[in-house]
1. Would you confirm whether or not segment 555-573 contains a residue that is farther than 24 Å from residue 415 by Cβ and either touching a residue at least 40 places away in the same chain (Cβ under 8 Å) or surrounded by 14 or more Cβ atoms within 10 Å (Cβ to Cβ) (or both)?
2. Scan 595, 636 and give me the residue that is touching a residue at least 24 places away in the same chain (Cβ under 8 Å), crowded, with 16+ Cβ neighbours inside 10 Å and within 15 Å of residue 524 (Cβ to Cβ).
3. Just wondering, is there one or more residues in segment 21-39 that are out of contact with any helix residue (DSSP H, G or I) (no Cβ under 9 Å at 6 or more places or on another chain), free of Cβ contacts under 8 Å to residues at least 12 places away in the same chain, more than 27 Å from residue 198 (Cα to Cα) and polar (S, T, N, Q)?
4. Could you go through segment 291-312 and let me know if any residue there is in a helix (DSSP H, G or I) and within 16 Å of the ligand (Cβ to nearest atom).
5. Would you confirm, using the coordinates I've provided, whether residue 370 is within 16 Å of the ligand (Cβ to nearest atom), hydrophobic (A, V, I, L, M, F, W, C), closer than 14 Å to residue 468 by Cβ and open to solvent by less than 60 Å² (accessible area, probe 1.4 Å)?
6. When you scan segment 136-170, how many residues do you find that are over 17 Å from residue 193 (Cα atoms) and crowded, with 21+ Cβ neighbours inside 10 Å?
7. Can you find even one residue in segment 661-672 that is assigned by TED's automatic domain parsing to the domain that holds residue 522 and either over 19 Å from the mean Cα position of the chain (by Cα) or of a type in the set (Asp, Glu) (or both)?
8. Test residue 467 against the stated conditions and say whether it is over 30 Å from residue 697 (Cα atoms), part of a helix (DSSP H, G or I) and either among the hydroxyl-bearing types (Ser, Thr, Tyr) or open to solvent by less than 20 Å² (accessible area, probe 1.4 Å) (or both).
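The values are calculated or read from the model by the stated rules, or taken from the named source; none is laboratory data. The model shown is predicted, which means the values in this text are computed figures rather than measured ones. All Cβ positions, even for glycine, are placed from backbone atoms using ideal geometry, and neighbour counts span all protein chains on display. Remember, those area values only see protein heavy atoms, side chains included, never the ligands or the DNA or RNA. Shrake-Rupley method; radii C 1.70, N 1.55, O 1.52, S 1.80 Å.
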Amino acid sequence: MADFTYELGTDGVAVITWDVPEKSMNVMSLEGFALLDSFIDKALADDAVKGVVITSGKPDFAGGMDLNVIAKMKEDAGAEPAKGLYEGVMQMHAVLRKIERAGMDPKTLKGGKPIAAALPGTALGIGLELPLSTHRIFAADNPKAKIGLPEIMVGIFPGAGGTTRLVRKMGAMVAAPFLLEGKLSDPKKAKAAGIIDEVVDDPVAAAKEWVLNAKDSDIVKPWDAKGYKMPGGAPYHPAGFMTFVGASAMVHGKTMGVYPAAKALLSAVYEGALVPFDQALSIEARWFTNVLMNPSSSAMIRSLFINKQALEKGANRPSVPDQTVKKVGVLGAGMMGAGIALVSALAGIQVVLIDAAQDAADRGKAYTEAYLDKGIARKKVTPEKKDAVLGLITATTDYAALECCDLIVEAVFEDPKVKADVTAKAEAVIPENAIFATNTSTLPITSLAKASKRPEQFIGIHFFSPVEKMLLVEIIKGRETGEVAVAKALDFVRQIKKTPIVVNDERFFYANRCIIPYINEGIRMVAEGVNPTLIENAAKMVGMPLGPLQLVDETSIDLGVKIAKATRAAMGEAYPDDAVDEVIFWMADQGRLGRKTKSGFYDYDEAGKRQGLSEVVTGHYPEATDQPDLHHVQHRLLMAQVLEAVRAFEAGVLEDIREGDVGAILGWGFAPWSGGPFSWLDIIGAGRAVEICDALEAQYGARFNAPALLRDIAAKGDGFYARFGGGQAAKAA
Ligand code: NAD
């Protein structure tokens, strides 16, 4: 079975049907594209063919290019990859341009065969770029279908003519959200925006009818007709000029210049708008090549798409039978418990939500109600759906209600005694084979498991706040945790549509282990007299979503104080963070606890809106006369996180660098352009990383000591992905 089939009807319409075998969604491969090309040739050459309809044999049209192919394009492009890539992309343009010209005489614009696209459902990426090259796009009236060009979300841009065609069709300003933000629309909205032409009940029938009745002039694209003017004005037009000045500033403001794709996209649009259509395609291909050559794009595709999906599909799941959760008991209906109940019920799982007092349990359930009410106000949720979801949650104080739960997620106070007490109470009721998970963020799983009768069925499932928004879930294996518990946790995370990483039990697990040193490094700099604005901007300019000082204001200074005290108690003499404590203990004494007290490293207005960095802080820690340079500050902030990631991997806390990279981006927003800490090290090279560490260590001490694994990779001229990219653990290597 091939990706496309060709069938000529008695009506003279050739129907090319896209239906990739053994896939629920069509994705384009290079072989598929070559086959499509041959069918177009066949149709254009056959006098019996009056026109062509391109459609899909599946409920959707296509999900896009197979990103595995894009990720490998550079590798496969030969000795001169940029040349190979550019030529490959231009070949693709040639095929789509052939569809667009459809055999017409380029001078008279006559004699071409009408070609239409019939989309039964979703059409994304090249799944829309192909229809955009046809003469008319018919979509089924399917409100669930998504139409758009989401390439920018994985660090590339529409490079098969989508950029050039959309801009020429609707103008740069109107096309901007679809190209720069990857905005998706349902068919009706896509028609209203001018992306597609018709929304009908039966797109194939409508497309055939159109094809059979189309005149020569119907199949000439505006940009191929005489006197074409770009909607909204080309860049040298006064209106166009304003668009591009604004767009440049907006893109830079949003990306801080670290995402190559957005900038390249804008360049392709600007430069392409100044020249005729075919030259514009060539410019688009050059910028697309430029993006594919940038290591950031392949690292982003690898982490944000390929590996994220592999983890969601259970790349590291033990091979035990299906552990789908039917009924979950959530202990503690506070901030986290309420969120866990919400995401579970949304996934259709029955929930028993327990708290010490009924009103607390009810408040926890009310969180789901408020969430659904917001959805109703935004027309995303129906009242029936609200009733159904709320009907799945039982809020109670009665542990007997846990009787049939196959999974418990405990989210009571962060206190080992309280946790031990609820563990015993729940285990007295739940079935023998139920799994008990704790959502603790700081207490070792292995020690909490001591309160359990069945430590092999005890595990950590660590959510991030707010639960309904954060995509990552960290699963933590205690020393005695068994495989069924791991599989149960993974199956639960799959049900609630989040991304899991599985780590071993050590202080702060993985995410917090890396994020705390980032915050601490920022705080140390304040104590040293580094300008706080420099600290915050340096972080954002390297792609961190929040500077370290804003982050600690959000999570609260008193939480930092609590963690510092507990860590000091556990580590004794070896405790390394006195300089940090000096600052946060002083802040806590001043009552500056962060956003919640409307004062922290930043000042806030009465409504809690962040104003600027506080002069109270710089009054106490005056700025030094000599300020470090931007890159130096960035190296400190990045290395503080990255070295912890490497140490976690070296120590076996993290067993798979793919989890380390995906977890860092989804868990705390680690510079997504880099593909994650391990990808970043591969981008700069282990040798350069060791140099940076050595210099930082000489100045600041052992916390920047390059781990032996990093030195070994540097010495052998190796890379993390070259050595461990297949999921190999450092300990086994
Ligand atoms: P919270 O204080 O908002 O909620 C705790 C809830 O547990 C309260 O409603 C309390 O009434 C209830 N509770 C206390 N003792 C109980 C008992 N004996 N029986 C039943 N219910 C009881 O706290 P939270 O922020 O939701 O945190 C809960 C857990 O999640 C903690 O272990 C915390 O470390 C962890 N966690 C928190 C975050 C976060 O960002 N807040 C993130 C990840 C993990």
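1. Within segment 555-573, the subset farther than 24 Å from residue 415 by Cβ is 573.
From the residues that got through so far, the ones that are either touching a residue at least 40 places away in the same chain (Cβ under 8 Å) or surrounded by 14 or more Cβ atoms within 10 Å (Cβ to Cβ) (or both) too are none.
For segment 555-573, residues farther than 24 Å from residue 415 by Cβ and either touching a residue at least 40 places away in the same chain (Cβ under 8 Å) or surrounded by 14 or more Cβ atoms within 10 Å (Cβ to Cβ) (or both): absent.
2. Working: 595 fails: within 15 Å of residue 524 (Cβ to Cβ).
Residue meeting the stated conditions: 636.
3. Looking through segment 21-39, at least one residue is out of contact with any helix residue (DSSP H, G or I) (no Cβ under 9 Å at 6 or more places or on another chain), free of Cβ contacts under 8 Å to residues at least 12 places away in the same chain, more than 27 Å from residue 198 (Cα to Cα) and polar (S, T, N, Q).
4. Going residue by residue through segment 291-312, those that are in a helix (DSSP H, G or I) are 291-293, 295-312.
Now drop any that are not within 16 Å of the ligand (Cβ to nearest atom), which leaves none.
Within segment 291-312, none of the residues are in a helix (DSSP H, G or I) and within 16 Å of the ligand (Cβ to nearest atom).
5. yes
6. Count: 9.
7. First pass over segment 661-672, keeping only residues assigned by TED's automatic domain parsing to the domain that holds residue 522: 661-672.
With the extra rule that they be either over 19 Å from the mean Cα position of the chain (by Cα) or of a type in the set (Asp, Glu) (or both), the set shrinks to 661.
Within segment 661-672 (the criterion being assigned by TED's automatic domain parsing to the domain that holds residue 522 and either over 19 Å from the mean Cα position of the chain (by Cα) or of a type in the set (Asp, Glu) (or both)), the answer is yes, since at least one residue qualifies.
8. Details: over 30 Å from residue 697 (Cα atoms): yes; part of a helix (DSSP H, G or I): no; either among the hydroxyl-bearing types (Ser, Thr, Tyr) or open to solvent by less than 20 Å² (accessible area, probe 1.4 Å) (or both): yes.
Answer is no for this residue.
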